[in-house]
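Following: one structure in structure tokens, then a few remarks.
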Amino acid sequence: MMIKLKNTALCYQDGALLPAGEGALLSRDGTMAWKILSAHNIGRGDLLNIRFDAMASHDITYVGVVQTARASGMTSFPLPYVLTNCHNSLCAVGGTINEDDHAFGLSAAVKYGGEYVPAHLAVIHQYMRERYAGGGRMILCSDSHTRYGPYGTLAVGEGGPELVKQLLGKTWDIARPEVVAVYLTGTPRPGVGPQDVALALIGATFGNGFVKNKILEFIGPGIAPLPMDFRNGIDVMTTETACLSSIWATDGVVKDGLTALGRPGDYREMSPDEGAWYDGAVEIDLSAVEPMIALPFHPSNVYTLREFIQNAEDLLNEVSKSAKEQWGFDVNLTNKLINGHPRADQGIVAGCAGGLSMNIQAMRKTLKGKPLGHFPLSVYPASQPMALELTRDGTLADLMSAGVSIRSAFCGPCFGAGDVPASGGFSVRHVTRNFINREGSRPGDGQSAFVALMDARSIAATAANNGLLTAATEADGETPPQRFDASPYTSRVYCGVGKPKPETELIMGPNIADWPEMAPLPDDLTLTVASALYDPVTTTDELIPSGETSSYRSNPVKLASFALSRRDPGYVERCKSLGYGSAVVALCPGDGSAREQAASCQRVLGGIANIALEYATKRYRSNLINWGMLPFEWPELETERPAIGDTFDIKGIRAAVENGAEEIEAIWTHAGAPREVTLRLPGLTEDERKTVLAGCLMNVR
């Protein structure tokens, strides 16, 4: 068995995990996670008040972060803040507006004392790995795949307002999270890569919520044989388990890696203390992991590649059925079968998960001297220094000779802004996500396309087999020594950390707009349901689509016109007719991206609440709160189904929030019949209550 879950308290003793009762010493503070959290906590008690060592945003989020912080009185960046440009790198729509955002970002870095990484130099997470990750640190980024655990860094992805709070001298506040050990044993077999391990982990933990909002702590003898890129490739995908963050034990491999990056002083030996207490464990036998595939429409829809190939017709029919049931469009994916064997139309290896040196070098072993023919395959190295070394060692030359298209550092294939397949296309990708429409298609316009996640090694084997899905079986061979030439950064990156120039004028392109005024919470409230979503999980991509809409993220009102456009096309007009007081009802909203626009667009349109059975992620709930919205929970959604147009009348809502009430009485009117119900507002901190009362974070003084 590849993976075993242990839902019981465990103790770390002599390098092993024992039932907690058998440990000689027991300490909840002995985990690596807790030692780092404690060092960054300025508060007392179980509610942690965290200040981070550094932050980063990319060009979908940094304009909103800076604009919000500026409106709240910020005069300089009080900690290192890196502005990267890896999402809106292509001017796909809107003329100059993407480059206008980049000009704004550079001017903001100069004015407030930040670091600016020009487009095509690095994807956000590779830059932070190469320049900032180190032992014992905490890093906050406005991107959900913020994970630098293998370096000994506890990193968190949140919506932009949480970064704003750090810029304003406030803290990241969170109740003491549970810590789950990920105990690795064995060595990966030939042809198995980090995405295979990651998909196996996601498949075992996402659907059952086993690690939701918990910290994963990687320990065990299976770490030692793993090269740095292999560790990073697993680690970045832990976001898809719905965990809060991750941390790994460090060793000589990490020390050598940081030395190669020119930062030997940032290494710190990290391991759990004897007697460290874990709230559960995931045991992974790396030697038992096979090549894996995640079918549409989620990284947790996981099978071994062997199992999928053997049962392709049935499993593809399940995908088609899911598309019909959840999104209402018809598709027949069995036309991808050639004599019963599934065939892909396209391959992509890119971004913070796929575009790593070790993955690309492994592809070279498979594809060198084997022309691709008509199978399109694109590879995006994750940073320019990485591409420079892959050029010097001949890897990129061999791939290009085989017909592989080599691109610059760009996150577009992860969210529908690059290499969008043809309608009906089936793409295999080593990227982070495969949500519906995430690849850039528009079913509402008669388009549909589909992404399956695989490891770069099996994608290369598939490409060599004319697109017929093929599991990699060849060894990676010796891992070349890591080399790093920082000259692409020293030549182009603006490094102004700690050196603000307040006289600098911000460059405001015509699309960059201030936030509209947000009203404070009234004494009484009538909520009107503007959208009701009863899928098991609703992603942030459905709440605000990715892809070309990202170009408008510096214009709150313009962007809001795209809210729920692919999931509920009538939502925007309903909100406009309602004005203030609309609400979204969903069973489990907020899986996926950290981008705060999934909440802020609702707020711009007059939204004031979500009513959910539960929230998919902590970060989405925080986004709602930071934009002045009430994150109601309603257990009756297990059986009740409010409809569009239903109302919830709440008397004394402002007083209830002020007094910290966790149960809110309301009158729900459905089909003309009123009924008393109880909504819940559990766990709002004092600062969160202040934000909701004020109407949004910007209004808090």
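The values are calculated or read from the model by the stated rules, or taken from the named source; none is laboratory data. Computed from a predicted structure; not experimentally measured. Glycine also receives a Cβ, built like all others from the backbone with ideal geometry; neighbour counts cover every protein chain displayed.
Odds and ends about this structure:
- Residue 624 without any contact (Cβ under 8 Å) to a residue 40 or more places away in the chain and closer than 22 Å to residue 570 by Cα: yes
- Of the residues 394, 412, the single one that is closer than 19 Å to residue 126 by Cα and assigned by TED's automatic domain parsing to the domain that holds residue 455 is 412.
- Failed condition for residue 182, given (1) over 19 Å from residue 134 (Cβ atoms); (2) surrounded by fewer than 21 Cβ atoms within 10 Å (Cβ to Cβ): (2)
- Out of 209, 220, 159, sole residue that is touching a residue at least 24 places away in the same chain (Cβ under 8 Å) and closer than 22 Å to residue 301 by Cα: 209
- Only residues that are outside any loop (DSSP other than H, G, I, E, B) and either surrounded by fewer than 19 Cβ atoms within 10 Å (Cβ to Cβ) or at pLDDT below 95 (or both) were counted in segment 485-495, giving 6.
- Yes/no for residue 539 being of a type in the set (Val, Ile, Thr) and surrounded by fewer than 24 Cβ atoms within 10 Å (Cβ to Cβ): no
- Test result for residue 673, of a type in the set (Gly, Ala, Ser) and either touching a Pro at 6+ places or on another chain (Cβ under 7 Å) or touching a residue at least 24 places away in the same chain (Cβ under 8 Å) (or both): no
- Segment 334-364, subset in a strand (DSSP E or B) and among the aliphatic types (A, V, I, L, M), residue farthest from the chain's Cα centre (by Cα): 338
- Condition met for residue 236 (at pLDDT 95 or above, of a type in the set (A, V, I, L, M, F, W, C) and touching a Lys or Arg at 6+ places or on another chain (Cβ under 8 Å)): yes
- Count of segment 542-571 residues which are touching a strand residue (DSSP E or B) at 6+ places or on another chain (Cβ under 9 Å) and within 11 Å of residue 605 (Cβ to Cβ): 3
- Counted residues, segment 332-344 - those being out of contact with any strand residue (DSSP E or B) (no Cβ under 8 Å at 6 or more places or on another chain) and more than 14 Å from residue 470 (Cα to Cα): 4
- Hits in segment 364-382 (condition: buried (at least 24 other Cβ atoms within 10 Å of the Cβ) and within 12 Å of residue 403 (Cβ to Cβ)): 377, 379
- Residues in segment 330-342 include at least one that is buried (at least 22 other Cβ atoms within 10 Å of the Cβ), assigned by TED's automatic domain parsing to the domain that holds residue 375 and not hydrophobic (A, V, I, L, M, F, W, C).
- If you go through segment 568-582 and keep only what is crowded, with 17+ Cβ neighbours inside 10 Å and free of Cβ contacts under 8 Å to residues at least 40 places away in the same chain, you end up with 568, 572.
- Looking across 149, 169, one residue alone is small (Gly, Ala, Ser), surrounded by fewer than 22 Cβ atoms within 10 Å (Cβ to Cβ) and in contact (Cβ under 8 Å) with a residue 12 or more places away in the chain. It is 169.
- If the condition is being polar (S, T, N, Q) and more than 30 Å from residue 257 (Cβ to Cβ), then segment 89-129 contributes 96, 98, 107.
- Unmet criterion (only one of (1) in contact with a Leu (Cβ under 9 Å, 6 or more places away or on another chain); (2) surrounded by 14 or more Cβ atoms within 10 Å (Cβ to Cβ); (3) outside any helix (DSSP H, G or I); (4) not hydroxyl-bearing (Ser, Thr, Tyr)) for residue 532: (1)
- Being more than 16 Å from residue 64 (Cβ to Cβ), buried (at least 23 other Cβ atoms within 10 Å of the Cβ) and not β-branched (Val, Ile, Thr) is a condition met by at least one residue of segment 555-564.
- Single condition residue 115 does not satisfy, out of (1) over 21 Å from the mean Cα position of the chain (by Cα); (2) modelled with pLDDT under 95: (2)
- On the stretch given as segment 396-405, residues that are crowded, with 17+ Cβ neighbours inside 10 Å and either out of contact with any Ser or Thr (no Cβ under 8 Å at 6 or more places or on another chain) or among the acidic types (Asp, Glu) (or both) total 4.
- Of 544, 512, all but one fail to be buried (at least 17 other Cβ atoms within 10 Å of the Cβ), over 23 Å from the mean Cα position of the chain (by Cα) and β-branched (Val, Ile, Thr); the exception is 512.
- Strands (runs of 3 or more DSSP E) wholly inside segment 643-701 containing at least 2 residues that are in the same structural domain as residue 621 (by TED's automatic domain parsing) and charged (D, E, K, R): 663-670, 673-680
- Count of segment 319-329 residues, restricted to those that are surrounded by 14 or more Cβ atoms within 10 Å (Cβ to Cβ), more than 24 Å from residue 377 (Cβ to Cβ) and either modelled with pLDDT of 85 or more or out of contact with any Pro (no Cβ under 9 Å at 6 or more places or on another chain) (or both), is 1.
- Residues in segment 120-127 include none that are touching a residue at least 24 places away in the same chain (Cβ under 8 Å), under 22 Å from residue 168 (Cα atoms) and under 23 Å from the mean Cα position of the chain (by Cα).
- Listed here are the helices (runs of 4 or more DSSP H) enclosed by segment 365-484 that have at least 1 residues being at pLDDT 95 or above: 384-392, 395-402, 456-464.
- Residues within segment 438-473 that are over 18 Å from residue 195 (Cβ atoms), of a type outside the set (Ser, Thr, Tyr) and crowded, with 24+ Cβ neighbours inside 10 Å, tallied: 2
- Scanning segment 577-616 for residues that are out of contact with any strand residue (DSSP E or B) (no Cβ under 6 Å at 6 or more places or on another chain) and among the aromatic types (Phe, Trp, Tyr) turns up just one, 580.
- Extreme residue, surrounded by the fewest Cβ atoms within 10 Å (Cβ to Cβ), among residues of segment 659-673 that are on the phi < 0 side of the Ramachandran plot and within 33 Å of the chain's Cα centre (by Cα): 663
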